[in-house]
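Asks: Below are the structure tokens for one structure; questions will follow.
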Amino acid sequence: IPGIKRILITGGCGFIGSALVRHLMHSTACHVLNIDKLTYAANPEAVKDAADSARYQHAVADICDRSKIKTLISRFQPDAILHLAAESHVDRSISSPAVFMQTNIIGTYSLLEEALAYWQELSESRQSRFKFIHISTDEVFGDLETDDSAFDESSPYLPSSPYSASKASSDHLARAWHRTYRLPVIVTNCSNNYGPYQHHEKLIPHMTMCALKEQPLPIYGNGKNIRDWLFVDDYVDALTSVLRDGVAGETYCIGGNNELTNLELVNTLCAELDILRPRVKGRYIDLLEFVEDRAGHDKRYAINSQKITSQLGWRPSHNFREGLNKTLCWLLEQYSEPFNRANSHFCTSGEGSEVK
Ligand code: NAD
């Protein structure tokens, strides 16, 4: 990545952050500092290969701890900061919102302040190359009707849950630090990611684990809520494009072009599992159970990624079936029960056609 050799990532032991760390360590010569508090959502295993490299450091720190963050930034001297650390689970934000406000709002504010103090001391040429990329969600826009509309960079903010309200708040702070202080901030608003190393509380790993344990597959309401799904490696590609060519002060909306109702998703997931690891009796979809809807449940999210595609040349490269197959292969390997690799169309780690 021209001009960017030292990258500070917050939340690099989380689902998306760890995929980014693995990519940067594997495919670039960059030095990476990962600041992660190691909450329940962190999985240090996901970056264990990086840990062997002299180019990688992990600091266990809270982004709200300004003096620690100040020291870490000034010692590491980053060319870019990618801010992913957050509390990220909507259901948890409904039952325990306080930590969401603390990390997502106060934590982002603290990081912006320390990034600004550091940036102001840089030479003019390093100042002009520096980027602060704030990673956010499409949930800040609220929800859409079931028509053809989609969110884009000009969509108004209308968050529904404590999680999305806290992320909306952090987006406003990030933009204000650009507008007011000229800190070179870029915001990305992205749809639902899925892939290996996602925490088991999230929809795809949760449904898969329930299915493998022969437990009911709980689906909220009537299952007709629509989400757009983006394979995590495609998102990492998008973030790399933004790091390379993104313009300070801009926002990029990033989606997977994979809109599915939750019911369609669970049907597809069950059909794939039926092939990969058939049940002894019956089909996985027989385990489906409708449960009471989530409070304030958004109806539909969809993203128009036209801007990042036309300006930065990014587009997703995985279709849903391919990404899902890779994810299920990974989950089945974690579950370490025999499964039918011969039927795993896209699994890269599988050998030949043996049944493990
Ligand atoms: P995650 O919950 O898997 O990981 C979050 C990481 O942040 C964890 O490793 C955790 O230990 C760390 N963390 C939490 N609080 C911290 C604090 N106070 N200080 C330092 N580290 C802290 O999250 P994810 O799914 O990887 O999401 C990463 C970012 O992307 C978040 O900002 C989220 O809002 C955003 N996002 C996620 C999705 C998605 O589908 N997962 C979609 C769009 C945007």
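Asks: Report the local net charge at residue 307: Lys and Arg +1, Asp and Glu -1, summed over other residues whose C-beta lies under 15 Å from its C-beta. Let's see the in-between values first.
Replies: Numbers: positive: 315; negative: 138, 152, 153, 245, 250.
Neighbourhood net charge equals -4.
Asks: Separate question: Any idea what the relative contact order of the chain is, in percent, if you count C-alpha pairs under 8 Å spaced at least 6 apart?
Replies: On the way: 663 pairs, mean separation 56.9, N = 356.
Over the chain, the number comes to 16 percent.
Asks: A further question on this structure: Give the aspartates and glutamates whose C-alpha is closer than 20 Å to that of residue 213, dropping any in the same chain fewer than 8 places away, or say none.
Replies: The qualifying aspartates and glutamates are 201, 272, 274, 286, 289, 333, 337.
Asks: According to the square roots a ≥ b ≥ c of the eigenvalues of the Cα gyration tensor, what is the shape class of the chain, taking rounded for a/c under 1.5, prolate for a/b larger than b/c otherwise, and oblate for the remainder?
Replies: On the way: a/c = 1.85, a/b = 1.47, b/c = 1.25.
Cα axes put the chain in the prolate bin.
Asks: Tell me which of 41, 11, 57 sits at the most positive position along the dipole axis of the stretch 1-122, charges placed on C-beta atoms (Lys, Arg +1; Asp, Glu -1).
Replies: It is 57.
Asks: Residue 319 to residue 27: FRET efficiency via 1/(1 + (r/R0)^6), r the Cβ-Cβ distance, R0 35 Å, to the nearest 0.05?
Replies: Working: r = 22 Å, r/R0 = 0.64.
Step by step, r from the Cβ atoms, then E = 0.95.
Asks: Moving to a separate point now. For the stretch 79-187, which trypsin sites (Lys or Arg not before Pro) are both in a DSSP coil and crowded by at most 14 other Cβ atoms within 10 Å?
Replies: Values: sites: 92, 126, 129, 131, 167, 175, 179, 182; in loops: 182.
Answer in residue order: 182.
Asks: Sticking with this one: Compute the acute angle (0 to 90°) between the alpha-carbon long axis of helix 232-245 and the principal axis of greatest extent of the alpha-carbon atoms of the chain; round to the nearest 10°.
Replies: 20
Asks: Can you give the extra length, in nm with one decimal, that the chain gains between residue 333 and residue 91 once fully stretched, where that is 0.36 nm per residue apart less the Cα-Cα distance?
Replies: Values: separation 242, 0.36 × 242 = 87.12 nm, distance 2.71 nm.
Computed gain between residue 333 and residue 91 is 84.4 nm.
Asks: Relative contact order of the stretch 30-164: what whole-number percent is it, with Cα pairs under 8 angstrom and at least 6 residues apart? Provide the component values of the computation, followed by the final result.
Replies: Numbers: 143 pairs, mean separation 34.3, N = 135.
That works out to 25 percent.
Asks: Could you tell me which GluC sites (Glu not before Pro) in the stretch 260-326 are loop residues by DSSP with no more than 15 other beta carbons within 10 angstrom of their beta carbon? Could the numbers behind the result be given before it?
Replies: Numbers: sites: 264, 272, 289, 292, 322; in loops: 292.
When the GluC sites (Glu not before Pro) of the stretch 260-326 are filtered for loop state and at most 15 Cβ neighbours within 10 Å, 292 remain.
Asks: Cut-off 10 angstrom, C-alpha nodes, Gaussian network model of the chain. Which of 20, 328, 212 fluctuates the most?
Replies: Largest GNM mean-square fluctuation: 212.
Asks: Which pairs in the list 5/202; 131/202; 48/224; 202/326; 68/131 are over 27 Å apart, alpha-carbon to alpha-carbon?
Replies: On the way: 5/202 33 Å; 131/202 30 Å; 48/224 39 Å; 202/326 16 Å; 68/131 21 Å.
Beyond 27 Å: 5/202; 131/202; 48/224.
Asks: Let me ask another. Enumerate by residue number the trypsin sites (Lys or Arg not before Pro) in the stretch 270-338 meeting two conditions: DSSP loop (anything except H, G, I, E, B), and at most 10 other Cβ atoms within 10 Å of the site's Cβ. All intermediate terms of the calculation are to be shown ahead of the outcome.
Replies: Numbers: sites: 279, 281, 283, 294, 299, 300, 307, 321, 326; in loops: 279, 281, 283, 294, 299.
Filter output for the stretch 270-338: 281.
Asks: Moving on. Counting each DSSP H run of 4 or more residues in the chain as -39500 (n - 2.57), what helix-only mean residue ellipticity at 222 nm follows after dividing by all residues, to the nearest 500 deg cm²/dmol?
Replies: Values: 11 runs with 131 residues, N = 356.
Rounded to the nearest 500, it is -11500 deg cm²/dmol.
Asks: If neighbour count is taken as other Cβ atoms inside 10 Å, put 135, 285, 219 in order from fewest to most. Provide the component values of the computation, followed by the final result.
Replies: Details: 135 27, 285 16, 219 21.
Lowest to highest Cβ neighbour count: 285, 219, 135.
Asks: Right, another one. Can you check what the net charge comes to around residue 70, using other residues whose Cβ is under 10 Å from the Cβ of residue 70 (Lys, Arg +1; Asp, Glu -1)? If you can, show how the numbers build up before the last one.
Replies: Details: positive: 66, 68, 75; negative: 65, 113, 114.
Its environment carries a net charge of 0.
Asks: Return a whole-number percent for the relative contact order of the stretch 97-253, with Cα pairs under 8 Å and 6 or more residues apart as the contact set. Don't jump to the answer; show the numbers that get you there.
Replies: Working: 169 pairs, mean separation 44.6, N = 157.
This gives 28 percent for the stretch 97-253.
Asks: Which length gain, in nm to one decimal place, applies between residue 55 and residue 71 when the Cα-Cα distance is subtracted from 0.36 nm times their residue separation? Please report the intermediate quantities before stating the final value.
Replies: Working: separation 16, 0.36 × 16 = 5.76 nm, distance 1.87 nm.
Residue separation times 0.36 nm, minus the Cα-Cα distance, leaves 3.9 nm.
Asks: Of the beta bridges DSSP finds with both residues in the chain, what % are antiparallel, to the nearest 5?
Replies: Values: 4 of 40 bridges.
Taking every DSSP beta bridge within the chain, about 10 percent pair in antiparallel fashion.
Asks: Please get the size of the charge dipole for the chain, origin at its Cα centre, with Cβ charges of +1 on Lys and Arg and -1 on Asp and Glu, quoted in debye to the nearest 20.
Replies: Details: 36 positive and 44 negative charges, 195 e Å.
Roughly 940 debye for the chain.
Each reported figure results from applying straightforward, stated rules to the coordinates on display, with no laboratory input. Because the structure is predicted, anything quoted here is derived from the model rather than measured. Cβ coordinates were reconstructed from backbone atoms using ideal geometry, including for glycine residues, and neighbour counts include every protein chain displayed.
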